[in-house]
Structure formats: C-alpha cells, structure tokens
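J.: Mind having a look at this structure? Questions to follow.
The values are calculated or read from the model by the stated rules, or taken from the named source; none is laboratory data. Everything numeric here is computed off the predicted structure, so don't read it as measured data. Quick reminder, even Gly has a Cβ in these numbers, built from the backbone with ideal geometry, and neighbours come from all protein chains shown. All accessible areas refer to the heavy atoms of the entire protein, side chains included, with ligands and DNA or RNA removed. Shrake-Rupley method; radii C 1.70, N 1.55, O 1.52, S 1.80 Å.
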Amino acid sequence: RLIAAGTGASGSDLESLQESFHNVFKDVPNDSAEVAQAIADLNTEFGLTGAELETATTQMLNASTAMGVDLGSSIKTVADGMQIFGVDASEMGTVMDSLAAASQATGVPMDELASKVQTFGPVLKNAGFSMEEATAFFGSLEQNGIDVTRVMPGINAAMRKLSEQGVTDLKGAMEEQMVAIKGATTDSEALNLATKAFGAEGAQRMSLAIRNGNLDLGALLETMDGSEGTINNLAESTQTTADKFNI
C-alpha cells in the first residue's frame, strides 16, 4: 500500500517494486514501513528500479541505522543536491558514501551536510565547484566553527561582484583570494582581505582558518574519493544483536 501510494505505480510496475521490497526487507533490520517508504521515495526521486533500486535502498537504510540519517528528508535532500550539480541518478551510491566520509572526517552530521549542499550549492555550482568540492568546503567551514549560513551570503555577493567585473573563472578567483589571505603579512591585512572576499560575517574565523591551513580541502577530498563502501561497511561493523534478530 505504501509503495503504491508513494509512487502511483500499478500493474507490472508495482509488482516489480514489491519484488524489490521483499529482496531488501529480508536483509535489513528496518521495519516494513521504513523499507517500503525508502523504496517508494527512491523510485520517485531518482527513477531507480530493479537491482539499482535495491542497492540504493539498502544503502539508504544502512545510513539511517548506522549514522542516524532521517529517511524522510534525506532522500529528497540528496536528490536535490545531485540535481543542482547535474549528477546522474546512477551516482547516488557514490554521493552517499562521499557524504558519509565527509561527515566522519569533519564531525558534521551527514543530514546537515546534505542540507547545506541543497541550500547553498547553487552559489558554488555557479562558481565552478563540483558537488564533492562543495561538500568538502561546507564540511570544512563547519568543522572550523564557521557557520555556513552566515558566510555564504557574503561569498555569493563576492561571486556576483567578480562576475560583473568580467571574471569567468570564479572558482580560481576564490582560490586566489584564499592564497592572498594566507600569505598576508599581518593578521589585520588578512582580515581585510577576508572581509572583502567573504563579507563581514565570519571573516575573522575564515581568515584564521585559512592562515592556519585548516581550509585546505585536498586531504578531505582525497578521503571522499576513496569512500566507496563507507556506509554499508559501517552498518555491518556496528550491527547489534537486536539488528540480527530483526533481520
């Protein structure tokens, strides 16, 4: 019933989704309503069916169990983020593992990271960032005590200003600004540059993080690149006796 109501599917299409439900349900500790909802939402948001749908559903349920991800909101949030950055639905598993790895490395909840990408991703997408780079940037900001919601309006304004000046490589310009802040001869000069580049809100923390080398995204991106299997492996290693009985 949940699958039919959530997808509008009928006939052979509904039978295929029901088969996927049974294939997933027998191998996860989640209750039937959670599995059905995940099947319906992933089919609706990503258009997945068959084995691809079953793999994605298992991974999302594992993320819910092992990392506390909210099923109801996360599927849509991740789907919106992927749409913003033009990432194909078939890459959902990679995106989820990448988000999980970034969450583990920065201490920022996976749900929160996905939400930042959904809300502020368009600004960085327009500047030439990939979804993975945007995730790493937001995670690093929050890890350094920099509220993304405070600094992104300033970054957006700075990007618009650069664009109006005819700058086409906005990502490169932003990286040059960060290099200039790091290489400033005094903290006062660095703060002035940070204020100009990112706005007054959070400029102090941005300047400090850049000068300390804490906003160097290279290591985090490397971790995210090698993140395949992060969620499923975590779910398996943290499975409790109760989970096994539920399965």
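J.: Magnitude of the Cβ-charge dipole of the chain, K/R +1 and D/E -1, about the Cα centre, nearest 20 debye?
T.: It comes to approximately 880 debye.
J.: How high is the relative contact order of the chain, given as a whole-number percent (alpha carbon pairs under 8 Å, six or more residues apart)?
T.: 21 percent
J.: Obtain the nm distance between the two label points defined at A200 and H22 by a simple spin-label model: each point lies 7 Å from its Cα along the Cα-to-C-beta direction.
T.: Modelled inter-label distance: 6.5 nm.
J.: Just to confirm the number: angle between the C-alpha axis of helix 92-106 and the first principal axis of the chain, 0 to 90 degrees, nearest 10?
T.: 50 degrees
J.: Among all the lysines, which ones have a C-alpha under 28 Å from K244's C-alpha, if same-chain residues fewer than 8 places away are not counted?
T.: K26
J.: For the stretch 185-247, treating each Cα as an identical point scatterer without solvent, what Debye log10 I(q)/I(0) comes out at q = 0.15, 0.16, 0.26 1/Å?
T.: -0.64, -0.67, -1.01
J.: What does the stretch 1-130 give for Rg and for Dmax, in Å, if only its C-alpha atoms count?
T.: When restricted to the Cα atoms of the stretch 1-130, Rg and Dmax are 14.8, 46 Å.
J.: So for the stretch 61-152, what percent of the C-alpha to C-alpha distances run longer than 19 Å?
T.: 32 percent
J.: Rounded to the nearest 0.05, what FRET efficiency do N192 and S12 give with R0 = 45 Å and r taken as the Cβ-Cβ distance? Could you check? Don't jump to the answer; show the numbers that get you there.
T.: On the way: r = 65 Å, r/R0 = 1.45.
With R0 = 45 Å, the Cβ-Cβ based efficiency is 0.10.
J.: Take every Cα-Cα pair in the chain and report what % of them are more than 30 Å apart.
T.: Across the chain, Cα pairs with separations above 30 Å total 35 percent.
J.: Counting only other residues whose beta carbon sits under 12 Å from that of T106, what net charge do I get with K and R as +1, D and E as -1?
T.: -1
J.: Quick one: angle between helix 148-164 and the longest Cα principal axis of the chain, in degrees between 0 and 90, rounded to 10, please.
T.: 60 degrees
J.: Give me the count of lysine pairs in the stretch 105-212 whose alpha carbons sit under 20 angstrom apart, restricted to pairs 8 or more positions apart or on different chains.
T.: Number of lysine pairs found: 9.
J.: If I ignore ligands, DNA and RNA and count only protein heavy atoms, how much of S103 is accessible to a 1.4 Å probe, in Å² to the nearest 10?
T.: My reading of the accessible area for S103 is about 10 Å².
J.: Quick one: if the Förster radius is 30 Å, what FRET efficiency do N126 and T241 give, using the C-beta to C-beta distance and rounding to 0.05?
T.: On the way: r = 49 Å, r/R0 = 1.64.
Taking R0 as 30 Å, the efficiency between N126 and T241 is 0.05.
J.: Hey, what number do you get for the chain at 222 nm if only DSSP H runs of n ≥ 4 count, each worth -39500 (n - 2.57), divided across all residues, to the nearest 500?
T.: -23500 deg cm²/dmol
J.: For the stretch 57-111, report the translational diffusion coefficient in µm²/s to the nearest whole number, using Stokes-Einstein at 37 °C, 0.692 mPa s, and a Kirkwood Rh over Cα pairs.
T.: 289 µm²/s
J.: Rolling a 1.4 angstrom probe over the protein heavy atoms, how many square angstrom per residue are accessible across the chain?
T.: Computed with neighbouring chains in place, this is 49 Å² per residue.
J.: Another question about this same structure. Determine the share of the stretch 108-195's accessible area contributed by carbon and sulfur atoms, expressed in whole percent, with a 1.4 angstrom probe.
T.: Its accessible area is 48 percent carbon and sulfur atoms.
J.: While we're on this one: Using protein chains only and a probe of 1.4 angstrom, how many square angstrom of T58 are accessible, to the nearest 10?
T.: 40 Å²
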